[in-house]
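> Sharing a structure, written as structure tokens. Questions coming.
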Amino acid sequence: MDLQLTTLTEADTTEIGSWRYDAPYDTYNMPVDDAAVMLEPGQRFSAVRDGAELIAYVCLGGEARVKGLEPEPGTDDLGFGLRPDLMGRDGRERSCPGYSRRWPIRSSGTSCAW
């Protein structure tokens, strides 16, 4: 497994917009046009790849915040979307590395520990 956090591309947003989740996760289905918003300036979305394969995306900030919750001073919300065919697995086939790693986050100039 070779997990990498990379810049989200237009092709990635097209693919993400085609992802379709079964209930109860179908609330996360989004049209391609909505996924394209991920590329707008100021958005803090990144792609998660296993090698060259897009397996998820992550975002930081307001877009990641659960609707109805207020921001908390000194914190940043983190959200993610996992490719539908990977949902419900036991986590052994694709899991986060067991060590801390720092990756740059697109458009923010900061980094995060994974």
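> What are the pairs, 6+ residues apart or on separate chains, where a residue within the stretch 61-80 that is of a type in the set (Ser, Thr, Tyr) has its Cβ under 8 Å from a residue that is not in a strand (DSSP E or B)?
Nothing qualifies.
> May I ask you to verify whether Asp22 is modelled with pLDDT of 85 or more, acidic (Asp, Glu) and outside any strand (DSSP E or B)?
For Asp22, the condition - modelled with pLDDT of 85 or more, acidic (Asp, Glu) and outside any strand (DSSP E or B) - is met.
> Polar (S, T, N, Q) and either under 19 Å from Asp77 (Cβ atoms) or in contact with a Ser or Thr (Cβ under 8 Å, 6 or more places away or on another chain) (or both): does that describe Thr14?
When the stated conditions are applied, Thr14 does not pass them.
> How many residues are assigned to a loop (DSSP other than H, G, I, E, B) and surrounded by fewer than 16 Cβ atoms within 10 Å (Cβ to Cβ) when one looks only at the stretch 1-18?
Keep residues of the stretch 1-18 that are assigned to a loop (DSSP other than H, G, I, E, B), which gives 1-2, 8-9.
Subsequent filtering for residues that are surrounded by fewer than 16 Cβ atoms within 10 Å (Cβ to Cβ) retains 1-2, 9.
Number of matching residues: 3.
> Here's a follow-up. I need every pair where a residue in the stretch 30-57 that is over 14 Å from Ala11 (Cα atoms) has its Cβ under 6 Å from the Cβ of a residue that is assigned to a loop (DSSP other than H, G, I, E, B) and of a type in the set (Ser, Thr, Tyr), sequence separation at least 6 or different chains.
That search, which allows pairs on different chains as well, returns Arg44/Ser107; Arg44/Ser108.
The values are calculated or read from the model by the stated rules, or taken from the named source; none is laboratory data. Predicted model, so just to flag it, every value in this text is computed and none were measured. All Cβ positions, even for glycine, are placed from backbone atoms using ideal geometry, and neighbour counts span all protein chains on display.
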